[in-house]
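Remarks on the structure that follows.
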Amino acid sequence: MNFSEVFKQSNQLCKVSPDGKYMATCVQYRLEVRDVSTLQILQLYTCLDQISHMDWSSDSLFILCAMYKRGLVQVWSLEQPDWHCKIDEGSIGLVSSRWSPDGRHILNTAEFHLRVTVWSLCIKAVSYIKYPKACQKGIDFSRDGCYMALAERRDCKDYVSVFVCDDWHLLRHFETETQDLAGLEWSPNGCVLAVWDSCLEYKVLLYSLDGRLLSAYSAYEWSLGVKSVAWCPNSQLLAIGSYDEKVRILNHITWKKITQFEHPSSINNTKAVVYKEVDKRTAVTSDDLSLHITLGTALFNTRSKYEICPLPVQFPVVKPDPDRANPKIGVSSLAFSSDSRYLATKNDNMASVVWVWDMRKMSLVAVLEQTSAVRCFQWDPRRPRLALCTGNTTLYLWSPAGCVSVQVPTEGGLQVQSLNWHRSGDSLMLLGKEQLCLCYMDTDQEDK
């Protein structure tokens with residue numbers, strides 16, 4: 001495993017292009033495009049203000065930079081650096097900007113969600129979509145890029161409109177059986193649209209492409225409900241994380257619950273392996289004292305490692321404050337591995353613990369207890385390998401073979417706040433508050 005030098009970035013606006021060849025990084029109002037293999041700067045663009053959001057087009061030819069405070073969007077071309085596009089939304093404002101799947105249209109959402117404006121880069125045409133709903137996830141595109149589902153709110157009722165992305169004509173428009181729609185998401189095969197209600201009512205609805213209600217699922221009533229939803233990559237399972245600290249798994253044949261995963265505060269009997277992070281602090285001798293002061297590091301060098309815990313195991317639990325909104329309880333993070341074999345989950349009142357479930361055996365396979373709260377975890381897009389970070393200078397990896405913690409050897413100590421895998425699974429982008437570096441995996445050695 002090797003690490004690159006450290007680069008500057010702002011607001012964690014760093015993304016690798018969909019083709020995996022380029023890396024775009026925002027530093028205040030500047031946009032830097034680097035070659036992923038050499039990390040040399042290929043293009044440098046200057047925007048009109050500090051960049052709030054940045055995204056690649058699907059074909060990796062254009063980059064969108066949004067400046068929400070000024071209601072501006074600038075688009076840059078990699079092939080033609082002199083070409084650029086500026087979209088000014090004016091007094092109606094801007095709260096969200098994103099690419100359409102074809103990479104030639106931009107969807108801007110106005111302030112107060114008054115409308116969605118579809119701008120075409122090819123023919124300079126403009127289309128308007130009224131009544132978009134302000135919710136967690138109100139727009140989603142099917143994986144093949146053919147359809148867009150949009151949540152709408154009109155006459156105090158929730159609706160979903162399905163548009164064809166080729167010419168943006170309305171394919172279906174139907175009312176949903178929700179009190180306050182919170183989000184929607186297409187299944188990976190694009191056949192089913194999952195719609196879920198706000199946390200005040202436990203309800204998940206499954207619709208077909210033509211707007212037929214396939215199934216409605218509710219686990220309980222009169223308590224906080226759905227907190228997270230995730231589709232299995234093969235579209236055969238739907239995982240629902242709830243405020244009652246459980247994950248329920250629905251199957252794609254009957255849309256009934258086939259199992260549920262609980263997150264207990266203690267484990268007494270399990271076949272799963274429980275890994276616990278342990279800090280190993282080594283005192284610095286007086287001979288090394290001047291060197292460490294010069295480098296600006298601490299007097300104690302912290303090296304963490306995992307130990308396998310014998311049963312029973314008790315996990316640290318934080319009691320949520322009942323007087324505050326959005327209580328820190330329930331399953332907020334769900335992620336399936338690329339081969340659909342494993343599911344990783346995090347329960348918010350045990351924020352330092354990640355649970356890994358085997359979806360073939362429908363059982364717990366591993367538990368990772370960290371010394372700090374887990375900030376982010378993400379699966380390798382090619383292998384069943386999970387990377388996670390906790391806001392310190394260490395990168396953590398889990399695979400069926402075991403667990404490992406790796407110190408990020410950067411000057412000043414990069415505090416890893418989030419991470420992103422390269423599409424090849426050969427490298428990881430590690431993001432701090434104002435820095436980033438790349439971690440390269442030795443895949444040849446792993447495959448032997």
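The values are calculated or read from the model by the stated rules, or taken from the named source; none is laboratory data. Just so it is clear, the structure is predicted and the values come from calculations on it, not from any experiment. Cβ sites come from the backbone with ideal geometry, for glycine too, and all protein chains shown count toward neighbours. For the accessible areas, the whole protein counts, side chains as well, though only heavy atoms, and no ligand, DNA or RNA atoms are used. Shrake-Rupley method; radii C 1.70, N 1.55, O 1.52, S 1.80 Å.
Classify region 17-121 as rounded, prolate or oblate from the Cα gyration tensor: take a ≥ b ≥ c as the square roots of its eigenvalues, call it rounded if a/c is under 1.5, otherwise prolate when a/b beats b/c and oblate if not.
Working: a/c = 2.21, a/b = 1.64, b/c = 1.35.
Prolate, since a/c reaches 1.5 and a/b exceeds b/c.
How compact is the chain by the rule of thumb for globular proteins, expressed as Cα Rg over 2.2 N^0.38 Å? Write out the running numbers ahead of the final one.
On the way: Rg = 23.3 Å, N = 448, 2.2 N^0.38 = 22.4 Å.
With N residues counted in the chain, Rg over 2.2 N^0.38 Å equals 1.04.
Please tell me the relative contact order of the chain in percent, rounded to the nearest whole number, where contacts are Cα pairs under 8 Å and at least six residues apart. The partial results should precede the final answer.
Details: 1085 pairs, mean separation 43.5, N = 448.
It comes to 10 percent, rounded to a whole number.
Rank 151, 250, 202 by how far each Cα sits towards the positive end of the charge dipole of region 133-258 (+1 on Lys, Arg Cβ; -1 on Asp, Glu Cβ) and give me just the farthest.
250
Translational diffusion coefficient, Stokes-Einstein: compute it for region 133-258 using the Kirkwood radius over C-alpha pairs as Rh, at 10 °C and 1.306 mPa s, and state it as an integer in µm² s⁻¹. Can you show the working numbers first?
Numbers: Rh = 14.6 Å.
In µm²/s, the coefficient is 109.
Which ³J(HN,Hα) values in Hz, rounded to whole numbers, follow from the phi angles of region 326-340 under the Karplus curve 6.51 cos²θ - 1.76 cosθ + 1.60, where θ = phi - 60° and Gly and Pro get x?
For region 326-340, the Karplus curve yields 6, x, 7, 8, x, 8, 9, 10, 9, 8, 8, 6, 4, 8, 6 Hz.
Counting only helical runs of four or more DSSP H residues, what would the 222 nm mean residue ellipticity of the chain come to if each run contributes -39,500 (n - 2.57) and the total is spread over all its residues? Show your work: numbers first, answer last.
Details: 2 runs with 12 residues, N = 448.
Result for the chain: -500 deg cm²/dmol, rounded to the nearest 500.
Considering only the other residues whose Cβ falls under 14 Å of the Cβ of residue 367, what net charge follows from Lys and Arg at +1 and Asp and Glu at -1? Walk me through the intermediate numbers first.
On the way: positive: 271, 276, 346; negative: 262, 277, 307, 358, 369.
Cβ neighbours under 14 Å give a net charge of -2.
How much accessible area per residue does the chain have, counting only protein heavy atoms and a probe of 1.4 Å, in square angstrom? Show your work: numbers first, answer last.
Working: 21740 Å² over 448 residues.
For the chain, the solvent-accessible area averages 49 Å² per residue.
Could you state how much accessible area residue 212 has, in square angstrom rounded to the nearest 10, with a 1.4 Å probe and all protein chains kept in place?
Roll a 1.4 Å probe over it and residue 212 shows about 130 Å².
For region 101-198, compute the orientation-averaged projected area of the C-alpha convex hull (one quarter of its surface), in nm². All intermediate terms of the calculation are to be shown ahead of the outcome.
Working: hull surface 24.6 nm².
The number I arrive at for region 101-198 is 6.1 nm².
What are the ³J(HN,Hα) couplings of region 374-389, residue after residue, when phi is run through the Karplus curve with 6.51, -1.76, 1.60 and θ = phi - 60°? Round to Hz, x for glycine and proline.
Rounded to whole hertz, the list is 6, 8, 7, 9, 8, 7, 4, x, 10, 10, x, 9, 10, 10, 8, 9.
With charges set only on the Cβ (+1 for Lys and Arg, -1 for Asp and Glu), what does the dipole of region 133-258 come to about its Cα centre, in debye to the nearest 20?
Numbers: 14 positive and 17 negative charges, 64 e Å.
Dipole size: approximately 300 debye.
Run the numbers on region 133-258 and let me know its relative contact order in percent, using alpha-carbon pairs under 8 Å that are six or more apart. Display every interim value, and only then the final one.
Values: 290 pairs, mean separation 18.6, N = 126.
Relative contact order comes out at 15 percent.
Given N residues in region 1-73, what is its alpha carbon radius of gyration divided by 2.2 N^0.38 Å? Could the numbers behind the result be given before it?
Values: Rg = 12.3 Å, N = 73, 2.2 N^0.38 = 11.2 Å.
The reported ratio for this selection is 1.09.
Within the accessible area of the chain, what % is carbon and sulfur when the probe is 1.4 Å and the other protein chains stay in place?
Values: 10440 of 21740 Å².
Answer for the chain: carbon and sulfur cover 48 percent of the accessible area.
For residue 169, what accessible surface area do you get with a 1.4 Å probe? Give it in Å², rounded to 10.
80 Å²
Taking square-rooted eigenvalues a ≥ b ≥ c of the alpha carbon gyration tensor, is region 129-179 rounded, prolate or oblate, where a/c under 1.5 means rounded and, failing that, a/b exceeding b/c means prolate?
On the way: a/c = 2.09, a/b = 1.70, b/c = 1.23.
It is prolate, given that a/c is not under 1.5 and a/b is the larger ratio.
Compute, for the chain, the length of the dipole vector about the Cα centre, with Cβ point charges of +1 (Lys, Arg) and -1 (Asp, Glu) only. Units Debye, rounded to 20.
Working: 47 positive and 50 negative charges, 127 e Å.
Dipole size: approximately 620 debye.
Using the Cβ atoms and a cut-off under 12 Å, what net charge is assigned to the surroundings of residue 95, where Lys and Arg are +1 and Asp and Glu are -1? Show your work: numbers first, answer last.
Details: positive: 69, 98, 115; negative: 89, 111.
Result for the local shell: +1.
Shape of region 295-404 from its Cα gyration tensor (a ≥ b ≥ c, root eigenvalues): rounded if a/c is under 1.5, otherwise prolate when a/b > b/c, or oblate?
Details: a/c = 1.58, a/b = 1.07, b/c = 1.47.
Note, shape of region 295-404 comes out oblate.
If we count every other residue with Cβ under 15 angstrom of residue 216's Cβ, Lys/Arg +1 and Asp/Glu -1, where does the sum land? Provide the component values of the computation, followed by the final result.
Details: positive: 203, 212, 248, 256, 257; negative: 158, 175, 177, 197, 201, 221.
It works out to a net charge of -1.
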